[in-house]
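To start, the structure under review is shown below, and the notes come after it.
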Amino acid sequence: PNITDNTAWFNNLSTGAGCYYENDSDYESTYGKMYNWYAVETSKLCPTGWHVPTDSEWTELTDYLYSNGYSGEEGKVLKATSGWDEYGNGTDNYGWNGLPGGYRYGLGDFYSIGSTFSWWSSSYYDTYFSSYAETRNLLNSFDDVSLGSNFKMFGHSVRCLKD
């Protein structure tokens, strides 16, 4: 379901949910939707023949970029050439068109449109913190792709990978 209410987002901790940034569907054409990790876990976000990448598959992508001369600039070559705040635009060498769609905090508030883009992986954070899942992030002030983890109730984007 599309959850617009902050309280409902926060209390909807164990089932899939999605939303637009600031609950405004005008953001959809540029940034798509954000989902909590429970929506990722359903395996219903991608079309048939596609899936949300695992952390290992994200690592495969960044390792490929690293080995092809983009050490420390893996994120820069994935970022769109425009749309980022404060000198954060990239080169988009691979047609990835990574745009800074922000994220939704676990309490329901929205943050960082223009400066951050976070994608869920389908991997949960493998420690005693079972309420976390792994993300990959692009930030306007850095040229790399960072590994992160967030509470599963946060709202992040997904990127589908062909099977």
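The values are calculated or read from the model by the stated rules, or taken from the named source; none is laboratory data. Everything numeric here is computed off the predicted structure, so don't read it as measured data. Here the Cβ positions follow ideal geometry from the backbone for every residue, glycine too, while neighbour counts run over all protein chains shown. Remember, those area values only see protein heavy atoms, side chains included, never the ligands or the DNA or RNA. Shrake-Rupley method; radii C 1.70, N 1.55, O 1.52, S 1.80 Å.
General remarks:
- Total residues in the range 97-108, condition open to solvent by less than 50 Å² (accessible area, probe 1.4 Å) and of a type in the set (F, W, Y): 0
- Residue check for Y31: under 30 Å from D143 (Cβ atoms) and either over 15 Å from the mean Cα position of the chain (by Cα) or crowded, with 19+ Cβ neighbours inside 10 Å (or both): no
- Members of the range 76-92 found to be out of contact with any helix residue (DSSP H, G or I) (no Cβ under 9 Å at 6 or more places or on another chain), more than 23 Å from C19 (Cβ to Cβ) and either of a type outside the set (K, R) or open to solvent by 30 Å² or more (accessible area, probe 1.4 Å) (or both), listed by number: K76, T81, S82, E86, Y87, G88, N89, G90, T91, D92
- Search result, residues across the range 129-157 that are touching a helix residue (DSSP H, G or I) at 6+ places or on another chain (Cβ under 9 Å), under 24 Å from V77 (Cα atoms) and hydrophobic (A, V, I, L, M, F, W, C): V145, L147
- Scan of the range 1-45 for residues that are assigned to a loop (DSSP other than H, G, I, E, B) and charged (D, E, K, R), ordered by number: D5, D24, K33, K44
- Applying the set (1) farther than 18 Å from G18 by Cα; (2) part of a loop (DSSP other than H, G, I, E, B); (3) modelled with pLDDT under 95; (4) touching a strand residue (DSSP E or B) at 6+ places or on another chain (Cβ under 6 Å) to D126 leaves exactly one unmet item: (4).
- Any hit, the range 61-75, residues being small (G, A, S) and in a helix (DSSP H, G or I): yes
- Some residue of the range 112-132 being more than 14 Å from the chain's Cα centre (by Cα), aliphatic (A, V, I, L, M) and surrounded by 18 or more Cβ atoms within 10 Å (Cβ to Cβ): no
- Number of residues in the range 44-75 that are exposed (fewer than 14 other Cβ atoms within 10 Å of the Cβ) and either under 23 Å from D92 (Cα atoms) or free of Cβ contacts under 8 Å to residues at least 60 places away in the same chain (or both) equals 12.
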